[in-house]
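Everything below concerns the one structure shown next.
The values are calculated or read from the model by the stated rules, or taken from the named source; none is laboratory data. Being a predicted model, the structure only gives us computed values, none of them experimental. Here the Cβ positions follow ideal geometry from the backbone for every residue, glycine too, while neighbour counts run over all protein chains shown.
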Amino acid sequence: MLSGKRPAPAAPANKKAAPTKSGASKKVNGAGRPETSRAIEPPEDVEPAEMSLEEIETRLGSIIQADTVSQLKSAVWKERLEAISSLKEQVEGLQNLDQSVEILIRLLCAIPGWNEKNVQVQQQVIEVITYLASTASKFPKKCVVLCLLGISERVADIKTRALAMKCLTAFHGSSGSRICF
């Protein structure tokens with residue numbers, strides 16, 4: 001070493017040592033991540049279970065009139081518009097809103113659904129969902145998950161943008177700071 005010449009194995013060892021150090025630092029960073037995730041509470045199960053339309057209709061029971069649900073399925077847009085207006089009035093008149101929020105959201109996601117072509121019906125659906133999100137004392141995260149894709153698509157449409165943004169704001173207000181969009 002004192003001769004000024006480097007030993008031959010020392011040079012490759014240094015090259016190998018550099019990747020080992022970066023790999024070691026990656027392991028340290030990787031090891032640090034699980035520790036921080038352990039400190040945070042595990043997330044709630046917000047994944048909604050699948051539910052058929054028949055199940056939704058049976059669970060609705062006496063909450064919504066049967067003719068309103070059948071009109072929501074109609075191929076005539078005027079009947080669907082009338083039905084969603086009727087549904088909105090019925091929802092506003094409910095006493096036990098907290099108990100029926102999830103089933104009402106599931107109904108609106110199924111019929112008329114997010115593929116509704118009539119803008120007036122879309123707007124009424126968004127208004128009902130916004131009403132549910134803003135007035136229910138407990139609005140489940142599952143409901144937000146059910147609606148999020150459809151509402152976010154409505155933000156892109158100029159005709160429904162304002163109502164969709166208001167609905168997203170109601171989602172954020174109802175869930176507190178637990179959900180960020």
> Taking the range 48-74 only, how many residues are of a type outside the set (Gly, Ala, Ser), within 26 Å of the chain's Cα centre (by Cα) and part of a loop (DSSP other than H, G, I, E, B)?
Replying inline: 6
> Would you pick out the residues in the range 75-119 that are free of Cβ contacts under 8 Å to residues at least 12 places away in the same chain, more than 20 Å from residue 52 (Cβ to Cβ) and not in a helix (DSSP H, G or I)?
Replying inline: 75, 76, 93, 95, 96
> Pick from the range 144-181 the residues that are in a helix (DSSP H, G or I) and of a type in the set (Gly, Ala, Ser): which of them is modelled with the lowest pLDDT?
Replying inline: 175
> Of all the residues that make up the range 82-109, how many are under 23 Å from residue 149 (Cα atoms), crowded, with 19+ Cβ neighbours inside 10 Å, out of contact with any Cys (no Cβ under 7 Å at 6 or more places or on another chain) and not β-branched (Val, Ile, Thr)?
Replying inline: 6
